[in-house]
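Below is one structure, written out as structure tokens; the observations come after it.
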Amino acid sequence: MTNEDEITENNPTDLIEKKISAYIGVPVKPTNCNQFEKFDGETVLVETFPFTEVTRLTIDDKEITDYVIDKKAGLIYLNQNYAGFLKLDYVAGLTDDEYSLYIEPLVNDIIEYENDSGWTKNASSIKEGDVQINLDTSIGKGALIQKNLDDLKNRFNTYMRMI
């Protein structure tokens, strides 16, 4: 972690959320997204998902309002075939429940870990005179945070698609 990436007292949560989002590959908070493409079909594949709502969908500047969305899959099913230039405005991110369940506790753990100034924080062993104690670093706070990040990445990996 470089100095410019360090967590500050001003707003550590925003920085941590951005890092978590980048690591797991999905926005952790509602994020306004735009998508522009040449389109021909009945199904729109949303680039950033999971998404929570469509704020505006136009094809060749004609607003489309009749569609069904599959938020988790990132798909919008149109009621007919359309061709033209698609403009899509939508909100992507985890739900409030997902944020509360997965992200909030992780953010708190990371803040606690970063503020830990104890001399054993990252120690793998402690030596006092002729006695050395080897610590199990696989259960340390840093290792648990990394495990939780990896678990989240795997959980939300289902949102990744192959095209």
If the requirement is being over 18 Å from residue 93 (Cβ atoms), acidic (Asp, Glu) and assigned by TED's automatic domain parsing to the domain that holds residue 88, which of these qualifies: 70, 61?
61
(1) surrounded by fewer than 17 Cβ atoms within 10 Å (Cβ to Cβ); (2) outside any helix (DSSP H, G or I); (3) among the polar types (S, T, N, Q): which one isn't true of residue 13, the others all being true?
(2)
Report the residue count in segment 36-85 for those that are of a type in the set (Asp, Glu) and in a loop (DSSP other than H, G, I, E, B).
4
For residue 91, are the conditions met, namely being more than 17 Å from residue 71 (Cβ to Cβ) and either of a type in the set (D, E, K, R) or modelled with pLDDT of 85 or more (or both)?
no
Restricting to segment 54-85, and then to whatever is in contact with a strand residue (DSSP E or B) (Cβ under 6 Å, 6 or more places away or on another chain) and polar (S, T, N, Q), can you tell me which residue is nearest to residue 32 (Cα to Cα)?
55
Of the residues in segment 26-50 that are touching a Lys or Arg at 6+ places or on another chain (Cβ under 8 Å) and modelled with pLDDT under 90, the one that is surrounded by the fewest Cβ atoms within 10 Å (Cβ to Cβ) is 50
Unique match (being part of a loop (DSSP other than H, G, I, E, B) and of a type in the set (Gly, Ala, Ser)) among 100, 117
117
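The values are calculated or read from the model by the stated rules, or taken from the named source; none is laboratory data. Note that this is a predicted model, so its numbers are computed, not measured. So basically every Cβ, Gly included, is an ideal-geometry build from the backbone, and we count neighbours across all protein chains shown.
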